[in-house]
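K.L.:
Sharing a structure below in structure tokens format, with a few things to ask.
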Amino acid sequence: MIKNKDGFVFKYGSIYNENIDQGARHLKKQSVLVDLIVAEPVMKKSLACKQDTVFISSASFLLKKGGSFLVFSPVELIGQTFQTAKKAKLLYKNMLVFEDLSKSPNGQSKKFFTSTTVAILWFIKPGAKVYFSSQNLPYVSPVIKASFDKDFDKYDERVVNNQKPIKVYNRLLNFFSQQNETVLFTHAAGGSGVISALSMKRNWLAFVNNSDIFTKTKDRIDKFKNSNN
């Protein structure tokens, strides 16, 4: 555990109640580097959304050379995400797609609604060999399908609207990381990514920039930890 002059305490396996831009500055002072970054930002389809990808630049300084940076992005904002990643000198590698198969109120599958189809953009930091699992290449199965139906997973309770099921993160961590590597979740609201990292034996760091959501997210993570002790 390391505490800097600002009172920020660095420890792997910690979730912080602050935005990733502030967090990245703290971690950079501690010379922290991670193997994988996963970002699930809240992106609103409005003029204000231009600020929602700024975090890519600040977080990219924490990524090891050859590391992967995954960004969940609505189809409408892919271009904006590309531009920000390019400015951060990240290289585009490929795109996966998440389809939410949860049932809508009228019983129809949500996959028929474009708002539930989200791109997962894969960028890398140049300078070293890129790791991803050759056993389950993203090129072979680019679509990840999952559901929030009650019978899916006892920990898959929804804390925020854009939260993804644990299964999605299991697939991503299996593709792009190995056991004992470190994953940074820049927008960890809901905690699905953290729960996946815990179950798959990854080191992790996470940020949530909302006090109420932070508390609910931490409670969900603690519930998982307590049930697996």
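K.L.:
Please go through segment 76-98 and pick out each residue that is among the hydrophobic types (A, V, I, L, M, F, W, C) and either closer than 16 Å to residue 173 by Cβ or touching a Ser or Thr at 6+ places or on another chain (Cβ under 7 Å) (or both).
P.N.:
Scanning segment 76-98 gives 88, 90, 96, 97, 98.
K.L.:
Name the pairs whose Cβ atoms lie under 7 Å apart, with the first residue in segment 157-181 and assigned to a loop (DSSP other than H, G, I, E, B), the second surrounded by fewer than 24 Cβ atoms within 10 Å (Cβ to Cβ) and among the hydrophobic types (A, V, I, L, M, F, W, C), and 6 or more positions between them or separate chains?
P.N.:
158/148; 159/213; 160/213; 162/42; 164/98; 165/146; 165/148; 165/152
K.L.:
Every residue in segment 57-80 that is part of a helix (DSSP H, G or I) and either under 21 Å from residue 35 (Cβ atoms) or in contact (Cβ under 8 Å) with a residue 60 or more places away in the chain (or both), please.
P.N.:
Within segment 57-80, 57, 58, 59, 60 qualify.
Rule-based calculations on the coordinates, nothing more; no lab input. Everything quoted here is computed from the prediction, not taken from an experiment. In this analysis, Cβ positions are derived from the backbone assuming ideal geometry, glycine residues included, and neighbour counts consider all displayed protein chains.
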